[in-house]
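Okay, so here's the structure we're looking at.
Bear in mind that the values in this text are calculations on the coordinates, not laboratory data. Quick caveat: nothing in here was measured; it's all calculated off a predicted structure. Reconstructed Cβ throughout: ideal geometry from the backbone, glycine too, with neighbour counts over all protein chains shown.
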Amino acid sequence: MRVLITGYEAAPFFKRGGLGDVLGSLPKVLWKIGIDARVVIPYYEEIREKYQSKKIGTFSVIFGKNIERIGIYKSYFPKNSKVPIYFLENKNLAVINTRGRNKKIDQFAFFDLCVAHFVLWSLTDGKWMPDLLHCNDWHTGLIPLILRKELKLSIPTLLTIHNLSYQGRGSIKVLDLLHVQDKDVKELKRGTPATEINILGEGILHTDAVSTVSPTYAREVVENSDHDPIHTFLLKRQKERGAKDEVFGILNGIDYEVWDPRHDGFLKEWYGLSDFRLGKAKNKAYLLSHLGLKNKPTFCFIGRMAHQKGLDTLMKVLPEIISLDVNIIFLGAGEKTVEASVIRAAGQYPSLIRAEFSYNERLAHHLYGGCDFILIPSHFEPCGLIQMIGMRYGTLPIASETGGLKDTIINGKNGFLFENGNKRQLLQTVTKALRVYKNSKAYTAMVRSAMETNFSWDKSALQYQALYEKIVVDYDHYGF
Ligand code: ADP
């Protein structure tokens, strides 16, 4: 089985969130079970500066009125892996944080066109033909359409939704840039308003299978989407393919080569199950002295500062939490209004709160290693990796009971859950967590249980293998 996986980020080459973790770890575990998995992402400047790669070819695409030349670079995932990664090089692909929604739509429509042509190149010049193309999130939502309708390439596709709140909605003008024929588009020109497209929705209609990143989120996507524009697309898909068509939910794992306190290159002190008390204490001392904080129970928040992450709930009870005499450290970047609420709080409690508004891999590792608890008040969480990483490092999660958080945390055993959006319950849960913290026996039992929980990819890799095989067989059989 040969699988080409694509998305806009892949760790460690380029990462801004959980999708990067997944594209950086899934291919490696697929190799271990005999799948020839490869990855293709844009060639960002950051990658060129930090990683070696070799130019192996070029091809051209027509985007709008321009003929664009694309360079293909090849490298391998680090740590002696044999897993290849390809970078597609063009100035229009290298843009990070594009402002303006239509600009972003154009950027990723162009990426999709390039990936589809890369498959064609790979088949001829590269002498490697994937049996299946695994697309991820809206950024890759146009690939199934372009492959089949424009390039007439017969390859089955899987589209994995990592986060439904990003759908790639914008002007239909992008279709002219792609030279897509009206007759080939299923819904793009019938959005509301009619001048709008929904790229994720179109991907859902054209792909051979749809999956998400946890069983609970798979159910939530289907059941709670009534008021979501994606609902129409899911209904239409089901109508076309029959009731048997389902949204598959496969839980993400974490990469133990990267996330393991026993050999994490960033940590001050390595530790495992037997010596976590001492190890965490040393990492905590280093972290707190580095940040100018006193030795107190320490909580952290790590993540994109988006509404999804639920900082509004936390802010409502922050004074009460702070009054319990604890430190809170925030690490994240994103929406300015969310950042502003954290800045205000940090200003009010300068001796107890620290906040860094950037993407900082090093600090993230130090927080996982040196904090006692990680706060995850997300309003929804398709899978969530920070709770798994936190648990691996013995940093107990205090999380809302939703999506993948619900699938991975056992309340009172390896972490704490509270009702989504319920500020009073959040405060009660923090108070309870501090009680446990002060009870050495109970705390040790919880940390051990958290550290022992298996978040490896082993089981999920087999589920992906089964799903890939099913898609290929169905494709050959029904010719979808
Ligand atoms: P999402 O995919 O919604 O961003 P996840 O919990 O699935 O959230 O994954 C987030 C990943 O990104 C984790 O590996 C986390 O450590 C990392 N991360 C998030 N924000 C930052 C940041 N500001 N600096 C460093 N790492 C971050």
**Fill in**
For the chain, inverting the pair-averaged 1/r of distinct alpha-carbon atoms gives a Kirkwood value in Å of 23.3 Å
**Request:** Just report the Cα centroid separation between region 108-170 and region 206-282, whole Å.
**Result:** 21 Å
**Asked** How many angstrom lie between the C-alpha centres of region 424-465 and region 49-103?
**Response** 39 Å
**Fill in**
Those cysteines in the chain that have no second cysteine Cβ within a distance under 4.7 Å are CYS114, CYS135, CYS383
**Message:** On a 25 Å Cα-Cα criterion, which of the cross-link pairs LYS50/LYS82; LYS104/LYS470; LYS28/LYS244; LYS50/LYS74; LYS50/LYS406 come out too long?
**Reply:** LYS104/LYS470; LYS28/LYS244; LYS50/LYS406
**Request:** Report the GluC sites (Glu not before Pro) located in region 222-253 that are in a DSSP loop and have at most 15 other Cβ atoms inside 10 Å of their Cβ, or state none.
**Result:** GLU246
**Request:** For SER400, list long-range residues whose amide hydrogen, built 1.01 Å from N in the peptide plane, is under 5 Å from its own amide hydrogen.
**Result:** ILE376, SER378, PHE418
**Asked** How high is the FRET efficiency between LYS236 and LEU278 when r is their beta carbon distance and R₀ equals 41 Å, given to the nearest 0.05?
**Response** 0.10
**Prompt:** Summing Lys, Arg as +1 and Asp, Glu as -1, what charge do residues with Cβ under 13 Å from the Cβ of GLU401 carry, GLU401 excluded?
**Reply:** -3
**Request:** Give, as a single signed number, the net charge of other residues whose beta carbon lies under 14 Å from the beta carbon of ALA333, with Lys and Arg counted +1 and Asp and Glu -1.
**Result:** +1
**Complete:** Yeah, region 399-480 with a ≥ b ≥ c from its alpha-carbon gyration tensor (a/c under 1.5 is rounded, else prolate when a/b outruns b/c, oblate otherwise) is oblate
**Asked** Could you give the dipole magnitude of the chain about its Cα centre, charging the beta-carbon of Lys and Arg +1 and that of Asp and Glu -1, in debye to the nearest 20?
**Response** 980 debye
**Message:** How charged is the neighbourhood of HIS117? Take every other residue with its Cβ under 15 Å from the Cβ of HIS117, and add Lys/Arg as +1 and Asp/Glu as -1.
**Reply:** -1
**Request:** Pop out the ³J(HN,Hα) list for region 407-421 in order, Karplus 6.51 cos²θ - 1.76 cosθ + 1.60 with θ = phi - 60°, rounded to Hz; leave Gly and Pro as x.
**Result:** 6, 10, 9, 9, 4, x, 10, 10, x, 10, 10, 9, 5, 3, x
**Complete:** For region 1-96, shape from the Cα gyration tensor axes a ≥ b ≥ c, cut at a/c of 1.5 then a/b versus b/c, turns out prolate
**Request:** Mind checking region 299-360 for GluC sites (Glu not before Pro) that DSSP puts in a loop (not H, G, I, E or B) and that have at most 16 other Cβ atoms within 10 Å?
**Result:** GLU335
**Asked** To the nearest 20 debye, what is the magnitude of the charge dipole of region 267-350 about its Cα centre, counting +1 on the Cβ of each Lys and Arg and -1 on the Cβ of each Asp and Glu?
**Response** 180 debye
**Message:** How high is the relative contact order of the chain? Use alpha-carbon pairs under 8 Å, at least six apart in sequence, and give a whole percent.
**Reply:** 12 percent
**Message:** Are there any trypsin sites (Lys or Arg not before Pro) in region 35-91 that are in a DSSP loop and have at most 16 other Cβ atoms within 10 Å? List them by number.
**Reply:** LYS65, LYS79, LYS82, LYS91
**Message:** Rounded, prolate or oblate for region 285-334? Axes are the square roots of the Cα gyration tensor eigenvalues, ordered a ≥ b ≥ c, and the cut-off for rounded is a/c under 1.5.
**Reply:** oblate
**Item:** Residue (of TYR8, PHE63, SER25) at the positive-pole extreme of region 1-116, dipole from beta-carbon charges
**Value:** SER25
**Fill in**
The relative contact order of region 190-329, taking Cα pairs under 8 Å that sit 6 or more residues apart, comes to a percentage of 17 percent
**Dipole moment magnitude, nearest 20 debye, region 203-246 about Cα centre, only Lys, Arg, Asp, Glu C-beta charged** = 160 debye
**Fill in**
Percent antiparallel among DSSP beta bridges confined to the chain, rounded to 5, stands at 30 percent
**Prompt:** Which cross-chain or sequence-distant (5 or more) residues have an amide H under 5 Å from the amide H of ALA355, H modelled 1.01 Å from N in plane?
**Reply:** PHE330
**Item:** Positive dipole terminus of region 327-374, leading residue within GLY369, GLY332, GLY347 (C-beta point charges)
**Value:** GLY347
